[in-house]
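Encoded as structure tokens, the structure appears first; notes follow it.
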């Protein structure tokens with residue numbers, strides 16, 4: 001009788017399940033690094049899970065007998081952060097806050113911890129990246145000192161869980177999950193297996209004790225949360241902290257939220273004394289000079305908040321066969337489409353121009369509602385016409401040159417009227433030509449040679 005040949009070991013990607021006969025450093029399917037691990041050979045032993053009775057007080061109940069009052073939201077003490085979370089922190093929620101290095105994640109969460117301590121709740125801040133003395137220095141600078149705020153510099157998961165047992169906090173902040181390691185998992189801290197084990201243990205504690213936990217996560221070069229994708233599936237809320245290092249503005253966006261909307265944004269400003277909320281950012285994304293050719297104001301909608309954003313365009317004649325298209329803060333593909341529609345449907349030639357399009361204040365405005373403002377700004381730069389400060393534009397452009405309505409158009413017009421924009425160019429101008437004619441009726445041409453003094 002011939003002996004059975006042992007099967008070759010199989011390696012499986014822990015992210016997508018892709019298999020290979022030999023180990024590789026990068027998954028051939030999802031292109032993630034360090035996620036391919038050897039799969040244990042099947043033993044042929046069939047294991048069965050024994051049913052156990054639920055613990056006291058954890059029996060299944062009809063959903064109609066449950067009320068939302070059993071999990072009331074609690075304010076974090078930072079109104080802009082509460083806006084992103086949907087009104088506050090839900091007890092037992094696991095919140096993941098990601099962002100680039102140096103953007104201000106630790107500063108924001110230290111402010112959240114101090115606000116919670118000032119409201120009478122005990123907070124545990126576990127830092128795996130800084131010592132307690134370093135955190136104390138930042139707390140002194142930002143005014144975050146309080147007796148109910150407990151600090152611990154730990155990178156061991158078991159020790160952090162011990163601190164939770166000893167302190168009995170009402171809010172826990174772990175900074176960051178990539179620096180904490182568990183003795184139950186092999187590998188160094190930050191490896192996919194370690195991140196998965198640490199996150200699972202923290203989330204289990206959050207659910208068992210009805211204790212909200214905020215976890216800080218690093219990001220990769222392309223802006224994604226570092227570590228296994230299962231990390232984002234395990235937590236309840238995923239927030240991204242973004243901002244340009246060259247400016248002081250910071251934005252918190254909810255990418256996932258089981259307890260509220262995912263389209264809200266919180267505005268902050270980094271100052272010398274910490275981070276400050278910006279409850280009304282209406283004037284942050286507008287230039288303060290007089291009207292210039294190539295500018296137009298659009299009304300952006302972030303969640304339930306409408307904000308004016310100034311779009312600026314600059315066109316320069318070029319002899320190059322491939323004119324330059326430089327875009328900052330807008331969707332480059334949509335800008336290219338708007339330029340094509342301008343030339344084909346409105347007769348405004350842009351193929352012989354270098355075009356530079358940007359927003360003011362470093363804000364990103366990628367929704368289709370910016371199409372009409374981009375077209376007006378480019379046309380104004382080419383014709384040297386300045387749009388008055390009392391005019392705003394909101395509308396999506398189709399390839400046929402039609403101005404299409406956008407979501408929450410009524411709210412955008414109301415916000416424009418509140419901010420002093422007496423005329424809004426939108427889908428009521430059915431075509432792009434009609435919209436440009438509407439703008440031309442309210443704009444006055446300006447000659448640059450009249451504004452620049454002679455030498």
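The values are calculated or read from the model by the stated rules, or taken from the named source; none is laboratory data. In this text, all values refer to a predicted model and were calculated from it rather than measured experimentally. Using ideal geometry, Cβ is built from the backbone for each residue, glycine included, and neighbour counts are taken over all protein chains shown.
Considering only segment 349-370, state which residues are assigned to a loop (DSSP other than H, G, I, E, B) and farther than 13 Å from residue 397 by Cβ.
Answer for segment 349-370, where residues must be assigned to a loop (DSSP other than H, G, I, E, B) and farther than 13 Å from residue 397 by Cβ: 349, 350, 351, 352, 360, 361, 362, 363, 364, 366.
Matching residues to (1) in contact with a strand residue (DSSP E or B) (Cβ under 6 Å, 6 or more places away or on another chain); (2) in the same structural domain as residue 308 (by TED's automatic domain parsing); (3) at pLDDT below 85:
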{"residue": "416", "(1), (2), (3)": "yes, yes, no"}
{"residue": "425", "(1), (2), (3)": "yes, yes, no"}
{"residue": "437", "(1), (2), (3)": "no, yes, no"}
{"residue": "451", "(1), (2), (3)": "no, no, yes"}
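Taking residue 236 as meeting all but one of (1) over 18 Å from the mean Cα position of the chain (by Cα); (2) touching a residue at least 12 places away in the same chain (Cβ under 8 Å); (3) surrounded by fewer than 24 Cβ atoms within 10 Å (Cβ to Cβ); (4) more than 24 Å from residue 102 (Cα to Cα), write down the number of the exception.
With respect to (1) over 18 Å from the mean Cα position of the chain (by Cα); (2) touching a residue at least 12 places away in the same chain (Cβ under 8 Å); (3) surrounded by fewer than 24 Cβ atoms within 10 Å (Cβ to Cβ); (4) more than 24 Å from residue 102 (Cα to Cα), residue 236 is out only on (1).
Determine which member of the set 214, 235 is modelled with pLDDT of 90 or more and closer than 18 Å to residue 128 by Cα.
The conditions single out 214.
What residue, of 406, 309, is at pLDDT below 95 and either buried (at least 23 other Cβ atoms within 10 Å of the Cβ) or part of a strand (DSSP E or B) (or both)?
309
Just checking, how many residues over segment 177-196 are over 12 Å from residue 160 (Cβ atoms) and in contact with a strand residue (DSSP E or B) (Cβ under 6 Å, 6 or more places away or on another chain)?
2
Quick one: is residue 254 over 17 Å from the mean Cα position of the chain (by Cα), more than 28 Å from residue 424 (Cα to Cα) and either assigned by TED's automatic domain parsing to the domain that holds residue 109 or assigned to a strand (DSSP E or B) (or both)?
Considered against the rule, which asks whether it is over 17 Å from the mean Cα position of the chain (by Cα), more than 28 Å from residue 424 (Cα to Cα) and either assigned by TED's automatic domain parsing to the domain that holds residue 109 or assigned to a strand (DSSP E or B) (or both), residue 254 comes out as no.
Would you be able to say whether some residue in segment 314-324 is buried (at least 19 other Cβ atoms within 10 Å of the Cβ) and not assigned by TED's automatic domain parsing to the domain that holds residue 86?
Looking through segment 314-324, at least one residue is buried (at least 19 other Cβ atoms within 10 Å of the Cβ) and not assigned by TED's automatic domain parsing to the domain that holds residue 86.
Taking segment 208-224, which residues are in contact with a strand residue (DSSP E or B) (Cβ under 8 Å, 6 or more places away or on another chain), within 26 Å of residue 170 (Cα to Cα) and not in a loop (DSSP other than H, G, I, E, B)?
Hits for segment 208-224 are 213, 214, 215, 216, 217.
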